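The values are calculated or read from the model by the stated rules, or taken from the named source; none is laboratory data. Only a predicted model underlies this, so the values are computations on that prediction, with no experimental measurement involved. All Cβ positions, glycine included, derive from the backbone under ideal geometry; neighbour counts span all protein chains shown.
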Amino acid sequence: MRQNTPNAGRLGALMAAIFIIALLAFGRLFYYQVIDAANIDKISYNKRAITVPIHALRGDIIDSNGVVLATTVLRYDVNAAPDIVTPITRVVNGQPTNLTPADVANELAPLLKMKASVILQKITGTSKYSNIKKKVEATVYRQLVALDIPWLFFDPVQVRVYPNGAVAGNLIGFLGTDGTPLAGLERTMNECLAGVDGKETYERGVDGIKIPSSTVTTQAAHNGSTVVLTIHNDLQYSAQQVITNYVKSERADWGSAVIVEAKTGKILTAAEYPSVDPNVFYKSKAADRGSRIFQATFEPGSTMKTVAAATAIDVGKATPATRVRAPQTLYLPWGGSISDSHAHPTQKLTLTGVLRDSSNTGIVQIAGKVPSKTRYDYLKAFGIGTPTAVNFEGESGGIMSPSSSWDKLTNLTTMFGQGLAVTPIQTAYFYQTIANGGTRLPAQLVAGCQAPGGKLVAPALPAPVSVIKSTTARKTVDMLEKVVEQGGIGRTAAIPGWRIAGKSGTAQLREGHGYGYLHAISFIGMAPAEDPQYVLAVTLYKPRTVSNSIGATPPFKAIMNQILRTFSVPFSHGKSANIPTQW
């Protein structure tokens, strides 16, 4: 047969074209799969990969014995992608079983404590994200993971937890819903607590589901460190209970109790009421969310007579036995007058008797021999006018104008605690100074910051301040012991078995340009008097069932008794100093 030349040519041309096309396709494929493979893979990876933060765990806050006061736990948001929700197959009793989305909703309902109809509504639709429930506990999360539902996703969420509720809540502070520290030590110690977040990357398939084993940590998270406090949790709890009861029973605006270890300056308790539970801080009034122990100021009243008496002794203007005639009212040369809080005939008192009977007219005659500038300098050395070394957020340094601006009346009233204002924490350290032989130690609330597995790094503290001579301090303690032994109010602070030294204070509170009928009442004391180890300052602000400091001695006695028993302080030995109180 003869060959059909035209058809053969067309077939050859077609074959050549196919060969060329195949060659081009092969070349293009070779280019993509070999020459440009790395670049294409990178582009593809970038489209299917997602980078998310690895949140560092916030550090704990613990008490001096390691009791956790604030910690972070993980909760999990339960989410779904409705656009990929499909029936799932599960092996039940060895047989594959199909579960519809409605079946799955019924399965999830008891675990999430939700209605199945609500869950079904949340997982139905075309959206790529739907939150089913927020912050489920870890035990529930593990049960959900075990169900192996491919279109269910979980986002870990850090939740700050305060296991002891309101115990030390005013000190610890709290976090906002977004984890931002809003108050207290949570905010001031944030640099120690916060940690550093890390990063991780994982790949998603076309269905949006995370590809197993694709997670790569690109930057490890470094968890926060632990803040160690000087607070003793059990004492803090006990003192808060006592203060809460007395604030309520005496219908006061607020109350506080501060316990200080005299020879170290450590704050063992800073209890107050109203208090705040950081777990539900929003339930407390804004005014009750801080710490009045550091932030509130008030005229202290007669507890300041101790400072005036110690100053007079220290500069050689008096001794515990210095005599004075103390009338009920002392009329002043310029026409003013100073009166005692109670009516009495003129008394023949020693300086010790002046403290015992809390005589205004007596203290101004004895301590008034000290020049005003000298008394001002001593008050500054005791700590008035300067915040403590704790430097608590919003802390007040108290209020005291320079002695050069004192008028004739203020010059006298500062000796018995009017014309100046202090914070509850400052009053505790006036007496810590006396209990510690005349040396004021820096107030310490934070023992340090401790990194995981690391050593405790203590905060830098200012140097101790030598305020009065040790002999002056001892004489002052001896006088204060007489107050508790013999004083009309002081006797109610006595605790059988231990020698107690202390002083009461009843301060009228300013209203407008004068003083109203409400008071701030206090009792500040130390024990055991022969060698003071612990100082306790109790204050009730504006009690309405009592108008003098006899309302402050019952909580003082209850808390001090607990202190002495908690630390197994031996019963006192010896007798108080033989000091006359009158002549």
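Worth a mention:
- Condition met for Leu144 (in a helix (DSSP H, G or I), touching a Leu at 6+ places or on another chain (Cβ under 9 Å), of a type outside the set (Phe, Trp, Tyr) and closer than 17 Å to Ala81 by Cα): yes
- Failed item, numbered, when Val157 is tested on (1) part of a helix (DSSP H, G or I); (2) under 39 Å from the mean Cα position of the chain (by Cα); (3) surrounded by 12 or more Cβ atoms within 10 Å (Cβ to Cβ): (1)
- Ala102 small (Gly, Ala, Ser) and surrounded by 16 or more Cβ atoms within 10 Å (Cβ to Cβ): no
- Enumeration of residues in the range 179-209 that are at pLDDT below 85 and either β-branched (Val, Ile, Thr) or loosely packed, with under 14 Cβ neighbours inside 10 Å (or both): Val196, Asp197, Thr201, Gly205, Val206, Asp207, Ile209
- One residue from Val91, Val104 being without any contact (Cβ under 8 Å) to a residue 60 or more places away in the chain, closer than 26 Å to Pro156 by Cβ and either assigned to a strand (DSSP E or B) or not assigned by TED's automatic domain parsing to the domain that holds Val161 (or both): Val104
- Qualifying residue in the range 435-443 (condition: surrounded by fewer than 17 Cβ atoms within 10 Å (Cβ to Cβ), in the same structural domain as Ile243 (by TED's automatic domain parsing) and of a type in the set (D, E, K, R)): no
- Check on Ile399, in contact with a strand residue (DSSP E or B) (Cβ under 6 Å, 6 or more places away or on another chain), within 30 Å of Pro333 (Cα to Cα), modelled with pLDDT of 95 or more and β-branched (Val, Ile, Thr): yes
- Single match in Ala537, Ala529, Ala463 (criterion: modelled with pLDDT of 95 or more, assigned to a loop (DSSP other than H, G, I, E, B) and touching a strand residue (DSSP E or B) at 6+ places or on another chain (Cβ under 9 Å)): Ala529
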